[in-house]
Amino acid sequence: ADPPDHTPIRRAVSRLFSGDALIRLTAFAQAEADRLATGEIDIVGEYAVPFTQAVAAELIRFDAAAVASLRDGLAPDTPFPETVVFLDRIAERAATFDKFRQPEYGGFSDREARSLIRLLWLAATTTTERTIVHGTLRLLRDADLRARVDADHALLPPFVEEVLRLHPAEGLIRRVTAREAELGGVTIPAGASVHLCLPAANRDPARFPEPAAVRLDRPQKQHLAFGFGLHFCPGAGLARRLV
């Protein structure tokens, strides 16, 4: 959506990622990571999934009963339509649901508030799970890289950025052309649906020397893993802390 439809939604969601909220969520995430990352674990089932679900539940402020139902009733392999129905059913048990209906947060209808709760949950869980797993695989497969990062934790932020660049959580994003445009000798009419391949853009050799390599000396945050411009991911700051 473009403004003006986009504006109140963006404003409401962005308020959830204020500086104070990021501090609180980062502390919560650190405690949750310390609790889960013990001994030999399944990085997907025993860490990435429960970790991201716990942080997402804290972000959305689900009550204790809703958190328990999420843990027991929403498996990682739950089909998408069933996930939507499940989230819609428990949306009203989130403090954020009530916030979204307040005038200062946009005064959204119940249907719109449920949609926003659903969006926040899906955006905060599956995307971060994928990035955690890709980062872990990179370290497991490259002993030299693992040793460098282990020896100097200041290299963690550029490592995370390289993982995001090489393995964006969403491979394709959909956009609608605002006007007619020509690309590669092909005319794309206004109002056309186009899908942008983020991994291809993030590996453009004209933009990134040695595009397939993990280089910790690159200028950071020049990739498109979080989108760009008006639709840049409002949760990017939190996502970088979780990975």
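The values are calculated or read from the model by the stated rules, or taken from the named source; none is laboratory data. The structure displayed is predicted, hence computed values, not measured ones. All Cβ positions, glycine included, derive from the backbone under ideal geometry; neighbour counts span all protein chains shown. When the accessible area is computed, the model is the full protein with side chains, heavy atoms only, and any ligands, DNA or RNA have been set aside. Shrake-Rupley method; radii C 1.70, N 1.55, O 1.52, S 1.80 Å.
Overview of values
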quantity: From Ala75, Ala31, Ala37, Ala91, residue being open to solvent by less than 70 Å² (accessible area, probe 1.4 Å) and under 29 Å from His231 (Cβ atoms); calculated: Ala91
quantity: Residue satisfying condition, being of a type in the set (Gly, Ala, Ser), exposed (fewer than 11 other Cβ atoms within 10 Å of the Cβ) and out of contact with any Leu (no Cβ under 8 Å at 6 or more places or on another chain), within set Ala190, Ala236; calculated: Ala190
quantity: Filter pass, Ile43 being touching a residue at least 60 places away in the same chain (Cβ under 8 Å), in contact with a Ser or Thr (Cβ under 8 Å, 6 or more places away or on another chain), over 17 Å from Leu238 (Cα atoms) and among the hydrophobic types (A, V, I, L, M, F, W, C); calculated: yes
quantity: Some residue of region 166-181 being of a type in the set (Val, Ile, Thr), over 20 Å from Gly229 (Cα atoms), surrounded by fewer than 13 Cβ atoms within 10 Å (Cβ to Cβ) and without any contact (Cβ under 8 Å) to a residue 40 or more places away in the chain; calculated: no
quantity: Per-region count, region 195-225, residues modelled with pLDDT of 95 or more and polar (S, T, N, Q); calculated: 1
quantity: Tabulated pairs, region 142-165, first of a type in the set (Phe, Trp, Tyr), second open to solvent by less than 60 Å² (accessible area, probe 1.4 Å), C-beta under 8 angstrom, 6+ apart or interchain; calculated: Phe159/Gly135; Phe159/Leu145; Phe159/Val149; Phe159/Val214; Phe159/Leu216
quantity: Scope region 213-233; condition in contact with a Leu (Cβ under 8 Å, 6 or more places away or on another chain) and either open to solvent by 40 Å² or more (accessible area, probe 1.4 Å) or of a type in the set (A, V, I, L, M) (or both); matching residues; calculated: Val214, Leu216, Leu224, Ala225
quantity: Residue check, Ala75 part of a helix (DSSP H, G or I) and either over 19 Å from Thr125 (Cα atoms) or hydrophobic (A, V, I, L, M, F, W, C) (or both); calculated: no
quantity: Only one of Phe100, Phe51 that is more than 22 Å from Ala31 (Cα to Cα), of a type in the set (Phe, Trp, Tyr), in contact with a helix residue (DSSP H, G or I) (Cβ under 7 Å, 6 or more places away or on another chain) and open to solvent by less than 50 Å² (accessible area, probe 1.4 Å); calculated: Phe100
quantity: Breaking point among (1) in contact (Cβ under 8 Å) with a residue 24 or more places away in the chain; (2) within 30 Å of Leu120 (Cβ to Cβ); (3) exposed (fewer than 10 other Cβ atoms within 10 Å of the Cβ), for Leu198; calculated: (3)
quantity: Cβ pairs under 8 Å, 6+ apart, first in region 107-136 and within 19 Å of Ile43 (Cα to Cα), second open to solvent by 40 Å² or more (accessible area, probe 1.4 Å) and assigned to a helix (DSSP H, G or I); calculated: Glu129/Val44; Ile132/Ile43; Val133/Ile43; Val133/Val44; Thr136/Ile43
